[in-house]
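Student: The structure under discussion is supplied below as structure tokens; questions concerning it will follow.
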Amino acid sequence: MGRVGAGSTARVAAAGSLLLLLLLLARPPPAAARNIKESEAGLVSEHFSQAPQKLSFYSWYGSTRLFHFRVPPDTVLLRWLLHVSQGGPSCADVEITVHFRYGAPPVINPLGTSFPDDTLTHASFHIKTLLSTMLLGNTSVNISHPAPGDWFLVAHLPPSSQKIQVKGFVPTCAYIFQPDMLVMRVVEVSILEPDIPLPQTLLSHPSYLKIFVPEYTQELRLELQGCVSSVSPGCPVRLTAGVTTLPRNFQRVLTCTGLAPFCHLLLSSPPWGRWLQVTVESLAEPHVTVGFTAKAAFTACRPWSVTFHHLIQNNPNQTYDTSAVQLSQSAAHWDLGRSGRSSRVDGGPFCLLNYPVLREDTDVVSVHFQPLNGAFVLVHSNMPSVMQLRLDTGMDSGGSFIIVLRANKSEVTNGTSVAACVNVASPFLSFNASLNCTTAFFQGYPMFLSASSHMANLIIPYPETDNWYLSLQLVCPESPEDCEQAAVRVETVLYLVPCLNDCGPYGQCLLLRRYGYLYAGCSCKAGWRGWSCTDNSTAQTAAQQRAAALLLTLSNLMFLAPIAISVHRSFLVEASVYFYTMFFSTFYHACDQPGEAVLCILSYDTLQYCDFLGSGASTWVTILCMARLKTILKQVLLVLGLLVIAMSLQMDRRGIWNLMGPCVFAFVIMAFMWIYRCGHRRQCYPTSWQRWVFYLLPGISMAFVGIAMYTSMMTSDNYYYTHSIWHILLAGSVAFLLPPREEKAGSWACLQKFPCHYQICRNDRDELYTVT
């Protein structure tokens, strides 16, 4: 069994010889002790790293940070060094969680939510370490004999609070995470060929062997023959077959400690079409020599492949009617299967009925599988029907693999049932012995169809990158004679999608990317949670959703007050901006709702941009209006300010200072003009105390309360009414802060006339800043 451990080591200062020394000094896989020079024989080390990423508090899968490594073949020791650094004024001693998985991103559940029905879930292998502990030294994770190929790490902080943080308003701590992968792989590997003895001698270091397992291997027998020790009788060795995978490990270990000079390990359905690693370790005392001869033997079977050629031969009309084709070939398959039990064809018996499968890539992380003969698979009792599902491109592990089986009700009787197994690397073929779906190194997933249940579903989130196999066979546990002449047509629906049911009505399926690797996750709304937004334990009711939608949309009608006041006081530009804000804020929040209470007149991104632009523009024009600038200067600043706000929102829509910066600049202009008038008139401006008490102070108070609520009081739970109050306070403060109507200008005197009839005029009343 491979060893997985976590510990702390001193920080590595260099990556050259020190990294090699670190690997050699690390505790090796379970084996006898050996010195460094002996360990270096036939071993090389390699170092891999990725750019650091800033960790986030967990809310959904998109808030995690994914790291994708590729482990080279013949690796005997893998070590991850986990580096963490911090930056910022207020960094708490938070707990950092790192998940590990082979073949696909880890399926995690930090919130403890429920998964959809018929979904396969396994607890991920993970470590949890405090920030202070990781800062003291590099936390390390060691894995002996790791599986070659894709390995994924996912890191995140604890579940986030429900408080909505305004970006850039409050300084936050940055937690930076970076994993390094150190591997030690063997370059001196002995090739074990079938039926050819391979002599080996063990002293103080293991013997590394590997054998290639061809397709359609039914059984592999590994034998150690002539095993003797230099000091005592018996065979003190341990044989480990297979590699370590996480979160589940299915290495096979054989310990030979008896007096017999031989022992063997039998592997049923070993992984097809790949090299199988075998490690033999001495259990004797140091400096004791152990000699043995390794031998491997295969038991192979021949598949009977269903192809279009066979289908057309069995159908004289050469039509493509699925039911007719399947029924016409059932007898032929039955006879062929029975003959396969008692005879040999080309040196091996028929052990399975192979159905070729068409793989159709429809989109990103979207694949549809269909048997070449149609959607039906004919299932017998004498041998399994097998379909190979290729999910080995390296880009298929970021979605959800869905398997749906349906049986014809008239063909499945009370005494018969269809057993199915979904396995990785090799199919399950031993239905007559057991129904546990276990192959040599993988625990498969069983599915059953019976007279009471004609349909079975299986959902596999983030399937491993490999060849998957679906095996089906007709079984009759109570009366086997009922199955002898029976055949059942099973409809198969097999497809890979980014998200199950597109995350449903209360979620959004988002495609995530780490460098060139794509994977998908669900972002849930309205209190719904879970992998596919199906957990309604904290969900809002339909009435609550409608109330929230009405609050967020109808609260924008408060802008009718500043619109009416602006029109009445001849501030037509300001009235147009307020109407723009009210319109797009209303429809943005109508589109932002989950479930049925949603209405989108434009794309969500467009509505969001227009809503944010309207909020900034409303604040900008209101402050400039209060400054009482000259008309030409006011128009120039209005246009420039709106252009700057539009640009800043395009750069970062969530940044608070992208909106507040121009508004603070406008406030400085207003304050300067007010101070100028105070000095020019020798009295406070505005001059009327009623203006201060009944208009300015209420408007400023509403603005400050709204800003405080927007920046520090909003949470995911109270967002609907706190944000609605924010709408009301913003519109109310604008209505109070708008200045009175300007007095009408007097007559204009022409200073100069040109022959072309253009005039340069000067206003007799140079003072336009009087507020009554």
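Please treat every number below as a calculation from the coordinates, not as lab data. Keep in mind the model is a prediction, meaning the values are calculated, not measured. Cβ sites come from the backbone with ideal geometry, for glycine too, and all protein chains shown count toward neighbours.
Student: Hey, with R₀ at 56 Å, roughly what FRET efficiency would M647 and W275 work out to, going by the Cβ-Cβ distance, to 0.05? Write out the running numbers ahead of the final one.
Tutor: On the way: r = 57 Å, r/R0 = 1.02.
It comes out at approximately 0.45.
Student: Still on this structure: If we count every other residue with Cβ under 15 angstrom of G291's Cβ, Lys/Arg +1 and Asp/Glu -1, where does the sum land? Walk me through the numbers before you get to the answer.
Tutor: Working: positive: K295; negative: E223, E281.
With Lys, Arg at +1 and Asp, Glu at -1, the net is -1.
Student: Then there's this: Distance between Cα centroids, the range 376-421 to the range 140-163: provide it in whole Å.
Tutor: 32 Å
Student: Using a Förster distance of 35 Å, how high is the FRET efficiency between A671 and A174, based on the Cβ-Cβ distance and rounded to 0.05? Please list the in-between numbers first.
Tutor: On the way: r = 35 Å, r/R0 = 1.00.
The pair A671/A174 has a calculated efficiency of 0.50.
Student: Sticking with this one: Roughly how many nanometres apart are two label points built 7 Å out from the Cα toward the Cβ at L557 and V187?
Tutor: In this crude spin-label approximation the distance works out to 7.9 nm.
Student: Between Y719 and V664, what is the label-point separation in nm under the 7 Å Cα-to-beta-carbon projection?
Tutor: That separation, rounded to one decimal, is 2.7 nm.
Student: Pull out the extension gain between L135 and V44, defined as 0.36 nm times the separation in residues minus the alpha carbon to alpha carbon distance; nm, one decimal. Intermediate results must be reported in sequence, preceding the final value.
Tutor: Numbers: separation 91, 0.36 × 91 = 32.76 nm, distance 2.94 nm.
So the extension gain works out to 29.8 nm.
Student: Take each of the peptides 195-206, 415-426, 237-248, average the number of other beta-carbon atoms within 10 Å over its residues, and list them starting from the highest.
Tutor: Details: 195-206: 15.4, 415-426: 23.6, 237-248: 21.6.
The densest-packed peptide leads the list: 415-426, 237-248, 195-206.
Student: Still on this structure: Would you kindly state how much longer the chain becomes between H68 and N432 on full extension, computed as 0.36 nm times their sequence separation minus their alpha carbon distance, in nm to one decimal?
Tutor: Details: separation 364, 0.36 × 364 = 131.04 nm, distance 4.06 nm.
Full extension from H68 to N432 adds 127.0 nm.
Student: With a cut-off of 8 Å between alpha carbons and a minimum separation of six or more residues, what is the relative contact order of the range 549-737 in percent? Write down the numbers at each step before the final one.
Tutor: Values: 206 pairs, mean separation 49.6, N = 189.
It comes to 26 percent, rounded to a whole number.
Student: Also, quick follow-up: Taking the Cα centre of each part, how many Å lie between the range 549-604 and the range 202-229?
Tutor: 74 Å
Student: Say R0 is 41 Å: what FRET efficiency, to the nearest 0.05, do T362 and D195 get from their beta-carbon distance? Don't skip to the end; give the middle numbers.
Tutor: On the way: r = 45 Å, r/R0 = 1.10.
About 0.35, to the nearest 0.05.
Student: If Lys and Arg each add +1 and Asp and Glu each add -1, what is the summed charge of the other residues whose beta carbon sits under 14 Å from the beta carbon of Q608?
Tutor: Details: positive: R653, R654; negative: D592, D605, D611, D652.
Value of the local net charge: -2.
Student: For a bin width of 5 Å, list the pair-distance distribution of the range 37-122 built from all Cα-Cα distances, rounded to whole %.
Tutor: Once binned at 5 Å, the Cα pair distances of the range 37-122 give 2, 8, 17, 18, 17, 12, 11, 7, 4, 2, 0.
Student: Note down the relative contact order for the range 153-248 as a percent, whole number, built from C-alpha pairs under 8 angstrom at least six residues apart.
Tutor: Details: 28 pairs, mean separation 15.1, N = 96.
Contact order relative to length: 16 percent.
Student: With each pseudo-label sitting 7 Å past Cα toward Cβ, what's the A564-T289 distance in nm, one decimal?
Tutor: 10.5 nm
Student: Run the numbers on the range 350-497 and let me know its relative contact order in percent, using alpha-carbon pairs under 8 Å that are six or more apart.
Tutor: On the way: 373 pairs, mean separation 56.6, N = 148.
Here the relative contact order equals 38 percent.
Student: Further question on the same structure: Gain in length, E484 to S114, computed as 0.36 nm per residue apart minus the alpha-carbon separation, to one decimal in nm? Each step should come with its number before you reach the end.
Tutor: Values: separation 370, 0.36 × 370 = 133.20 nm, distance 4.24 nm.
This chain segment gains 129.0 nm when fully extended.
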